[in-house]
Amino acid sequence: MAVAGDVVALVAPDGRFADVGAGALRVLGAPPEALLGTTLLDRVHPDDRETVSRCLARQGDRPSGETIGPFVCRLRHATAGWRHAEVTALRRLDDADVPETVIHARDVTGRVEAEQRLRASEARHQALARSAPVGLFETDRDGGILSANPRFAAIAGLPPEDVQGHAWRTAVHPDDRPRLEADWAEAVASGQPILLNVRFRAADGAVTFALCQGSPLTDADGRVQGWVGTLSDMTEYVRTVDALLMAEARTNAIVDAAADAIVTMDGEGIVHSFNPAAEAMFGLPAADMLWNRVDRLIPGIAALLQDGGLAVYQPGGEAHGAGAVREAVAVRCGGDRFPIELSVSAVETGGRRVFTGIIRDITARKRSESDLIAAKEAAESADRAKSTFLQVMSHELRTPLNAVIGFAQVIEMRLLGAAEVDRYIDYAGSIRQSGEHLLAIIDDILDITTIEAGGLRLNETPVEPSALVGEALNLVAIQSGKRGVPIHIDLEDGMPMVTGDGLRLRQVLVNLLSNAVKFSNPGNPVLIRARRRPDGGLDLSVTDTGIGIAAEDLPKAMTPFVQVDQSMARRYEGMGLGLSISKRLVEAHGGTLRIDSAPGQGTTVTVALPPGRVMADA
């Protein structure tokens with residue numbers, strides 16, 4: 001008794017507790033010593049005391065040792081109100097040493113409350129099923145009815161007591177039974193939901209059209225064990241469709257000859273008619289779309305029309321427009337999407353609403369619009385490129401030409417006198433440098449023109465990377481010295497030869513080194529590095545610690561005739577062709593040119609040559 005989880009107690013003949021186990025604290029909320037000497041019935045709910053008294057009194061009428069109960073009553077808890085307990089009683093009448101009755105009480109409050117909730121839920125379920133406007137059913141795997149509401153029986157034309165089992169199948173119209181059996185068997189085999197249109201024929205010959213929709217109930221292995229679903233009376237619906245079909249027959253000639261797709265649907269989006277133009281447009285025969293939802297072809301049509309279509313229809317017997325023509329996206333049979341124009345009108349017939357949609361494929365028009373927009377953007381881009389080109393060319397050509405003309409005039413007119421030979425030599429050097437600058441500009445323009453015209457041809461020979469780097473350094477040495485920007489070299493030992501156009505690869509490195517020197521601050525070094533990649537390719541990289549380029553400006557840096565700073569007061573000169581030419585030359589070798597840069601932190605430009613360009617070590 002000391003360790004029992006339930007209440008185990010001895011009750012004296014006068015109904016008082018003679019001994020109480022420790023479980024009283026859990027079940028009744030009171031310690032055992034608090035119960036000793038108190039009356040058992042004082043702990044029982046007033047409505048249950050008569051039952052408990054009667055059960056305990058029967059102990060005297062039963063053979064010794066026979067248990068009374070179990071029976072359920074409510075016991076008062078010290079703090080939690082009334083608790084439901086399952087009680088059994090036992091008394092050894094033939095044992096004079098034990099005059100008390102042994103009481104065992106188990107707390108079953110949770111179980112009782114769960115049973116009460118279950119009964120309430122079942123009552124609500126039954127009430128809902130009885131009042132549902134559609135038939136509700138549950139079947140076994142083969143379609144035998146396990147349970148069905150009265151509405152199901154009414155639609156099937158059967159008395160409620162005759163619905164159970166397979167009897168309902170006898171009410172199905174004889175012409176529909178083979179199709180019903182075949183579709184049901186197919187659904188069982190596939191485990192897919194059931195959607196059936198069936199007719200029921202009552203004993204008086206009346207025919208009811210119904211829509212049967214069912215979902216499979218499966219076990220843990222996915223095998224179908226049964227079905228639950230609804231049976232909807234579609235008789236009035238079908239009559240409306242018949243009336244619409246008769247009206248449609250009078251206009252079939254016009255509809256069939258229409259160049260636009262014409263689709264008739266009901267308020268639920270179920271398609272009633274599908275003209276030949278619609279068949280051609282969507283790649284579907286009309287038979288595959290009838291009694292299917294139109295949003296299979298035009299996803300989101302409800303949202304498209306909710307502010308001007310089906311939702312604003314006003315009954316009145318005449319056709320009503322559904323608002324302006326709208327553009328949407330439709331889906332063909334193969335899944336291809338294409339743009340359409342859609343207009344919808346509504347009509348009321350026999351109290352039912354029917355909607356007609358006229359659909360036009362505007363793919364060609366959209367393509368023309370896109371072509372016009374692209375042509376307009378291309379023209380604007382060309383105009384901007386021309387303006388940029390003229391702006392840059394004007395600045396880049398005038399500056400050296402002014403120097404050439406000015407110094408040439410000084411020399412020609414001997415303005416400094418015959419004795420100033422050294423000054424004249426310096427002027428001649430300036431004229432030469434300006435001429436070389438002009439020649440470099442012309443060479444870059446010719447190069448980018450040749451590349452973009454597809455006229456670039458590579459003269460491929462074995463090239464030694466270290467020699468390539470040395471030649472490039474010699475060509476930028478003067479610029480590096482004037483700017484005060486040293487160039488450091490980091491070449492991996494044992495670099496293999498590569499195949500390529502040495503002149504073009506040197507041109508790439510010269511462009512990269514010139515940019516690095518130009519955009520670096522005096523005293524900050526530039527690093528040129530050569531490394532083998534794990535995949536066998538070769539990387540040549542040039543790193544500076546100059547002004548850097550923002551990520552959003554990288555596309556500009558790769559665009560011909562464009563500099564990141566396009567203003568006339570820009571700090572750095574140039575045509576903006578170096579990187580774009582270098583990128584195309586590297587790509588002509590099958591490689592890639594990658595730029596890693598950040599403003600104020602510098603730039604690293606990497607030329608990645610593919611493994612196929614690296615010659616095997618001798």
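The values are calculated or read from the model by the stated rules, or taken from the named source; none is laboratory data. Just so it is clear, the model here is predicted, and its values are computed rather than measured. Cβ atoms come from the backbone with ideal geometry, glycine included; neighbour counts cover every protein chain shown. For accessibility, only protein heavy atoms count, side chains too; no ligands or nucleic acids. Shrake-Rupley method; radii C 1.70, N 1.55, O 1.52, S 1.80 Å.
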Checklist entry - Just the accessible area per residue of the stretch 31-181, please: how many Å² with a 1.4 Å probe? => result 56
Checklist entry - Where nothing but the Cβ of Lys and Arg (+1) and of Asp and Glu (-1) is charged, how large is the charge dipole of the stretch 81-210 around its Cα centre, in debye to the nearest 20? => result 500
Checklist outcome for this item: Of every hundred units of 1.4 Å-probe accessible area on the stretch 131-232, the number belonging to carbon and sulfur atoms, as a percent, is 53
Next on the checklist: Quick check: residue separation of Q126 and W291 times 0.36 nm, minus the Cα distance between them. What number comes out in nm?
Outcome noted: 56.2 nm
Checklist outcome for this item: Share of accessible surface on carbon and sulfur in the stretch 252-295, whole %, 1.4 Å probe and ligands ignored, is 57
